[in-house]
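Comments concern the structure below.
The values are calculated or read from the model by the stated rules, or taken from the named source; none is laboratory data. Here the structure is a predicted model, which means the values were calculated and not measured. Cβ: placed from backbone, ideal geometry, glycine included. Neighbour counts: every protein chain shown. To get the accessible areas, we keep the full protein, side chains included, count just its heavy atoms, and leave off ligands, DNA and RNA. Shrake-Rupley method; radii C 1.70, N 1.55, O 1.52, S 1.80 Å.
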Amino acid sequence: MPELPEVETVKNVLNNIAKGKTISYVEVIRPQTIRSDVNEFQSVLKGATIQEFSRYGKYIIYHLDRDYVLVSHLRMEGKYFHRDEKIKPNHNDLILFHFTDGSYLAFNDTRRFGTMELVKKEGYLEREPLNEIGPDPFMMKDSSRLYEAFKNKGVAIKPCLLDQSVMSGLGNIYVDEVLFACKIHPETPAKLITKKQFDEIWYWSKDIMGRAIQKGGTTVISYHPTEGIDGEFVNELKVYGQNGDKCVNCGTPLVKKFVGGRGTTFCPHCQRNIARPYVLGVTGPIGSGKSMVCKYLETKGFIYLNSDEIVHHLYELKSVQEGLKRFVPHLKIKDGKVDRVSLRDEIIANPRVKRYIERYIHELVIEELERQIKKHGPKEKVVCEVPLLFQSGYNLYCDETLMLEVDEKSQIEHLSERKEDVEKALRLNARFKLDNNQKATYTIINNGSVASLHQKLDKIICKKCR
Ligand SMILES: [Zn+2]
């Protein structure tokens, strides 16, 4: 969707190609695009001269030598094309402005969400739809409007900044870029954002969108400001659309999660959520030394949470047993608990059942981990041992993640020490693989001694001294 810089670019292009032109008549191919009366639209514009185009928020305003202004929104895919009358309209052209000079301006919209309407010129900013739009960062003289609107809001800052009634212009792309520049986690409750941070949000909104305007906006997937012009700012984006890439500041893989229903990319290291304790997620295949790592970090002041223990506890609950029976009707219960060995055999035999059970259990485990984490303050540190950290999606709740790798020899050694059924355990873990865009913050290869493992961990903790 075009954002403020793209709309500004389109407005500039329109001033270059159509400012000063006189409309001989308007052809309305799709009447639904016109929000005001269609007959009035055509009669008012017939013979009107376009004095100038301006932008308000993400709206484009046609200023005419009439008592009306034309207010237009591109929505998802709206575009303009300027053509000679000899060239036929395209089948996605919805409105054609024919000029007296033998050319025409086509409003083209494949998705058909774009709108146009005539609004009385007198006080048009106080009339619908512009009265619902706040000033953009370039029109504001400081950040107090933001601070006053959000200082008591408990919701995440990202959806607040997308609220066009407070400050207009920031859409999904630029909110992610601005929050990255300010080192603010998109889920930070708005009321925890300081006045100084709102100053920074305002400053970076102007800086980033100002540079994007100079570069002609950002071309993402299907959006082009106008024929023949591509936005070059896409090359300067630092987080948007770069899930799994390394953060330009610290090298941590960027993560993407949904915040307020919108895909959001950020650096979990640079953009800490200050409302939560620091959370390190530890994962790796069976026998890679996850518990060893967590127990060591516990001696260094971390609070240790173990997803396996949570699962054990869940298996004792009647409600969970009933839930599992939906997938495994002959589920074995031993001493009031789910018999893990028989469940494991069932899972190995049936990959489809495995998927269902995992999804069901993952949700419950995440809920419980989060419940326990919320008991601790933002100054504390938590280490979570989660064998299926990335598969369950819990990596997105962690500030950082640690992946343990191990060769088969050390793995078998570790397992034999624990008197595990080595062969079965290895088979269950055979598919322990991550997708390409799932990268842990740290990777430790744990084939050496306990002392060398501790040394590697000390380096990580030291780097993260908080
Ligand atoms: Zn970073």
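For this structure, a couple of remarks:
- Sequence of Glu177, Glu132, Glu417, Glu200 from largest to smallest accessible area, 1.4 Å probe: Glu417, Glu132, Glu200, Glu177
- Calculated [θ] (222 nm, deg cm²/dmol) that DSSP helices of n ≥ 4 give over the chain, each run adding -39,500 (n - 2.57): -10500 deg cm²/dmol
- Heavy-atom accessible area for Arg55, with the other protein chains in place and a 1.4 Å probe, reaches approximately 40 Å².
- For Glu232, the solvent-accessible surface computed with a 1.4 Å probe is close to 100 Å², ligands and nucleic acids excluded.
- For the pair Ser36 and Thr49, the difference between a 0.36 nm per residue extended length and the Cα-Cα distance amounts to 2.7 nm.
- Förster radius 51 Å - calculated FRET efficiency between Asp101 and Arg262, Cβ distance, rounded to 0.05: 0.75
- Centroid-to-centroid separation of segment 52-102 and segment 249-269 [C-alpha atoms, Å]: 37 Å
- Note: relative contact order over segment 4-132, using C-alpha pairs below 8 Å and six or more positions apart, is 28 percent.
- Nonlocal amide H pairs with Asp136, under 5 Å, H built at 1.01 Å: Gly57, Ser168
- When each of the peptides 201-209, 452-460, 251-259 is scored by the mean number of other C-beta atoms lying within 10 Å of its residues, the order from highest to lowest reads 201-209, 251-259, 452-460.
- Applying 1/(1 + (r/R0)^6) with r as the Cβ-Cβ distance of Glu298 and Lys196 and R0 = 35 angstrom yields a FRET efficiency of 0.45.
- The largest accessible area among Val422, Val293 belongs to the first residue in Val422, Val293, and the rest follow in falling order (1.4 Å probe, all chains).
- Length released on extending from Glu363 to Val234, taking residue separation times 0.36 nm less the Cα-Cα span: 42.8 nm
- Debye log10 I(q)/I(0) for segment 4-132, one point scatterer per Cα, at q = 0.09, 0.10, 0.16 Å⁻¹: -0.22, -0.27, -0.74
- Dividing the mean sequence gap of close Cα pairs (under 8 Å, 6+ apart) by how many residues the chain holds gives a relative contact order of 13 percent.
- In the full protein context, segment 4-132 carries 44 Å² of accessible surface per residue, based on a 1.4 Å probe and ignoring ligands, DNA and RNA.
- Here the spin labels are modelled as points 7 Å beyond Cα on the Cα-Cβ line, and at Asp345 and Asn90 they lie 6.4 nm apart.
- Taking label positions 7 Å along the Cα-Cβ direction at both Lys334 and Lys379, the computed distance is 4.7 nm, reported to one decimal.
- Working ranking of peptides 121-128, 95-102 by packing, defined as the average number of other Cβ atoms within 10 Å per residue, highest first, is 95-102, 121-128.
- Inter-label distance for Arg83 and Ile445, nm, one decimal - labels placed 7 Å from Cα along Cα-to-Cβ: 6.1 nm
- Each residue of the chain gets 187 Å³ once the volume of the Cα convex hull is shared out per residue.
- Tyr62, Tyr360, ranked by accessible area, largest first (probe 1.4 Å): Tyr360, Tyr62
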